[in-house]
Amino acid sequence: MTNQTHREIHLVNRPEGMPSNDDFKFVEKEIPTPGDNEVLLKTLYLSVDPYMRGRMRDVESYIPPFELNKVLVGGVLAEVVESNSDLLKKGDIVNGNLSWAEYNVADPKKLQQVDPTVAPITTRLSVLGLTGLTAYFGLLDIGKPQAGETVVVSGAAGAVGSIVGQIAKIKGARTVGIAGSDEKVDYLINELGFDAAVNYKKDSFEEDLIAALPGGVDVYFDNVGGDVSDAVINQLNRNARVSLCGSISSYNSPGEDVGPRMQWKFIKTSSMMKGFTLGDYAKDLPTGAAALTQWFQEGKLKYDETIVEGFENTPEAFFGLFKGTNLGKQLVKVADPEFAKL
């Protein structure tokens, strides 16, 4: 190996409001050496995800907060460049929850090997990975869409929302997406097959939403919270189900998120609202992965990626999540493989 050092990205400040470059620091370190039964990994792609913003707060949650002056951790697609394990060999492609660094040392038992002959490798960070699984379980276990029902998806042009809408269509539901531009609205309808879509940034959003929901809402998959969700909840039908996946509208809010009190609506309609994280479904992940892979191979699931080139541009890719610049999954391409034949 020619280079003896690599870069890591550390969190050095807890952001107040929208994160900035001042909250991150690139730290140069020696490339780690794998020990017995370990592998050295070269990072190929980083997954950039909204939930990471929550981990930058020093608050109790379902997952511990990031530590200050320590390397950030997230989804990583990597190539094995050195192996001291019988489980993986040089050139194998893997993914796992690893440091935001150009190289990682890891225990192969904590990695998932990626077969590049099944699908493009980046799909393991999106439609065939945690993103797709989040959509699968959040919609089907909590939302339980039935043929002919209306499913509404906020953040519908994002990584999770775009898959949710397509699964709803597979199940025979009428699907309505909410996105942040006319271009994304067109994409949802003309590329992904949504029955309708509306732009929440328009002054006419609430009127447009009501017009798109002549039969009300049976299932709402919520990625954003805030005013958008208030508007959708007002249209709930009797026995509606609301699946809470994210609340990106409030992630950068410096104060408490406030809004209308909606308890009356759930009582009046006998509706149900439930939050979840993918960890709730740990034992069932293989079932979800098999279903997603089958639908993908049958051509029933499309996906898009917004790929930012260069490790040094990772913070900008992260900021883009909150500016709505991404279509589908936000990734950072860090490097090309050295040994893998893709």
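The values are calculated or read from the model by the stated rules, or taken from the named source; none is laboratory data. From a predicted model like this one, the values you see are computed outputs, not experimental measurements. So basically every Cβ, Gly included, is an ideal-geometry build from the backbone, and we count neighbours across all protein chains shown. With ligands, DNA and RNA removed, areas are computed over all heavy atoms of the protein, side chains included. Shrake-Rupley method; radii C 1.70, N 1.55, O 1.52, S 1.80 Å.
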Task: Filter result for the condition that a residue is modelled with pLDDT under 95 and either open to solvent by 80 Å² or more (accessible area, probe 1.4 Å) or assigned to a loop (DSSP other than H, G, I, E, B) (or both), over PRO214, PRO254 - done: PRO254
TODO: Determine which member of the set PRO50, PRO64 is within 28 Å of GLY132 (Cβ to Cβ) and exposed (fewer than 14 other Cβ atoms within 10 Å of the Cβ).
DONE: PRO64
Open item on the list: Any residue at all in the stretch 117-136 that's outside any loop (DSSP other than H, G, I, E, B), β-branched (Val, Ile, Thr) and surrounded by fewer than 21 Cβ atoms within 10 Å (Cβ to Cβ)?
Closed with: no
Task: Count of residues meeting criterion [farther than 26 Å from GLY132 by Cα and open to solvent by 70 Å² or more (accessible area, probe 1.4 Å)] in the stretch 85-100 - done: 4
Task: Single residue of the stretch 237-248 satisfying the filter (over 14 Å from the mean Cα position of the chain (by Cα) and surrounded by 20 or more Cβ atoms within 10 Å (Cβ to Cβ)) that is nearest to GLY138 (Cα to Cα) - done: SER243
TODO: For residues that are of a type outside the set (A, V, I, L, M), more than 16 Å from GLY328 (Cβ to Cβ) and assigned to a strand (DSSP E or B), tally how many sit in the stretch 148-205.
DONE: 4
Task: Test for GLY172: is it surrounded by fewer than 22 Cβ atoms within 10 Å (Cβ to Cβ), at positive phi and not aliphatic (A, V, I, L, M) - done: yes
TODO: Looking at (1) assigned to a strand (DSSP E or B); (2) over 19 Å from the mean Cα position of the chain (by Cα), find the lone condition where VAL94 falls short.
DONE: (2)
Task: Residue check, ASP36 surrounded by 13 or more Cβ atoms within 10 Å (Cβ to Cβ) and not polar (S, T, N, Q) - done: no
Open item on the list: open to solvent by 70 Å² or more (accessible area, probe 1.4 Å) and either among the basic types (Lys, Arg) or closer than 13 Å to SER47 by Cβ (or both): which single residue out of LYS302, LYS329, LYS333 fits that description?
Closed with: LYS302
- [ ] Could you please find all residues in the stretch 278-309 being in contact with a strand residue (DSSP E or B) (Cβ under 7 Å, 6 or more places away or on another chain) and either within 22 Å of LEU188 (Cα to Cα) or hydrophobic (A, V, I, L, M, F, W, C) (or both)?
- [x] TYR303, ASP304, GLU305, THR306, ILE307, VAL308
Open item on the list: So for the stretch 179-199 (the condition being out of contact with any Leu (no Cβ under 9 Å at 6 or more places or on another chain), under 24 Å from THR269 (Cβ atoms) and of a type in the set (A, V, I, L, M)), does at least one residue qualify?
Closed with: no
TODO: Please go through the stretch 83-118 and pick out each residue that is touching a residue at least 60 places away in the same chain (Cβ under 8 Å) and not aliphatic (A, V, I, L, M).
DONE: LYS90, GLY91, ASP92, SER99, TRP100, GLU102, TYR103, ASN104, ASP107, PRO108, PRO116
- [ ] Collect the residues in the stretch 213-249 that are in contact with a helix residue (DSSP H, G or I) (Cβ under 6 Å, 6 or more places away or on another chain) and among the hydroxyl-bearing types (Ser, Thr, Tyr), keeping them in residue-number order.
- [x] TYR220, SER243, SER249
Open item on the list: Given the criterion under 20 Å from the mean Cα position of the chain (by Cα), part of a loop (DSSP other than H, G, I, E, B), among the basic types (Lys, Arg) and at pLDDT below 95, identify the matching residue among ARG57, ARG53.
Closed with: ARG57
- [ ] Output yes when any residue across the stretch 11-29 is of a type outside the set (Phe, Trp, Tyr), in contact with a helix residue (DSSP H, G or I) (Cβ under 8 Å, 6 or more places away or on another chain), open to solvent by 10 Å² or more (accessible area, probe 1.4 Å) and within 20 Å of ALA106 (Cβ to Cβ), and no when none is.
- [x] no
- [ ] Would you confirm whether any residue within the stretch 67-77 is basic (Lys, Arg), within 30 Å of GLY324 (Cβ to Cβ) and not in a strand (DSSP E or B)?
- [x] no
